[in-house]
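Bear in mind these aren't lab numbers, they're just calculated from the coordinates by the rules spelled out. All of these numbers come straight from a predicted model, not from anything done at the bench. Here Cβ is always computed from backbone atoms with ideal geometry, including for glycine, and neighbour counts include all displayed protein chains.
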Amino acid sequence: MFIGHLPAGYISAKLLFKQFADTGISAKLFVLAGVLGGVAPDFDMFYFYLIDNRQNHHHTYWPHYPVVWLTILAASSIWFKLANNKSIAALVLIFSISGFIHMLLDSIVGDIWWLAPFIDKPYALFTVEAVYKPWWLNFILHWSFALEILIFVWAYYLWRSKSAKP
């Protein structure tokens, strides 16, 4: 996924903010945490390009392990449930929700090692055939890119919609 993660994080935060509004957290900070969570797994791209020299698929690094996001999600859910001051727990919770949504979106056409680090096997719902050069054209010209455009349009609609304003 190229352009879908950031707007997906925005969508998750905008749709869930009302459930967390009583925590005293501002809508802007909540949305920021959701957007950051939506792109956080791809922070491993710095390692991929700067240190690993593109030798391994960046989805094999720990920030793309679903178990990491499920653990953060479970821990932040428990923290939120038990905490008296729920504001920080709410931020970590939306961050982890958006990070896990990133894993789901990457699973559509990108290999995700769902059982890592225990089993070294990638899973994807669909395969993007390598037909065009440069490599990224294969993804942009694939039908799945329409889903990314749809996510982007939905986020734009929520951003412009008066009814969606907290």
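Within segment 5-160, how many Lys pairs that are eight or more residues apart, or on different chains, come under 17 Å at the alpha-carbon?
Pairs that pass both the separation and distance tests number 5.
For W62, project a label point 7 Å along Cα to C-beta. Then give me every residue of segment 8-50 with its amide nitrogen under 16 Å of that point.
The answer is 41-48, whose backbone nitrogens lie closer than 16 Å to the label point.
Fewest Cβ neighbours within 10 Å first, please rank H5, H57 accordingly.
Going from sparsest to densest Cβ surroundings: H57, H5.
Who wins for biggest fluctuation among K133, K121, K28 in a Gaussian network model of the chain, springs between alpha carbons below 10 Å?
K133
Give me the base-10 log of I(q)/I(0) for the chain at each q in 0.14, 0.15, 0.17 Å⁻¹, Debye formula, one uniform scatterer per Cα, rounded to two decimals.
Rounded to two decimals, the profile gives -0.78, -0.88, -1.07.
Test of the criteria: in segment 1-105, which chymotrypsin sites (Phe, Trp or Tyr not before Pro) are in a DSSP loop and have at most 12 other Cβ atoms within 10 angstrom of their Cβ?
Sites meeting the loop and neighbour criteria: F2.
Can you compute log10 of I(q)/I(0) for segment 5-101 with the Debye formula, treating each Cα as one identical point scatterer, at q = 0.10, 0.11 Å⁻¹?
Debye output, listed in q order: -0.29, -0.34.
Using alpha carbon centroids, what distance separates segment 1-37 and segment 76-117, in Å?
The two parts, judged by their Cα centres, are 12 Å apart.
Segment 43-137: which trypsin sites (Lys or Arg not before Pro) are DSSP loop and have at most 11 other beta-carbon atoms within 10 angstrom? Show your work: numbers first, answer last.
Working: sites: R54, K81, K86; in loops: R54, K86.
Here the sparse-neighbourhood loop sites are R54.
How do H102, H59 rank when sorted from fewest to most other Cβ atoms within 10 Å of their own Cβ?
The most exposed by this proxy come first: H59, H102.
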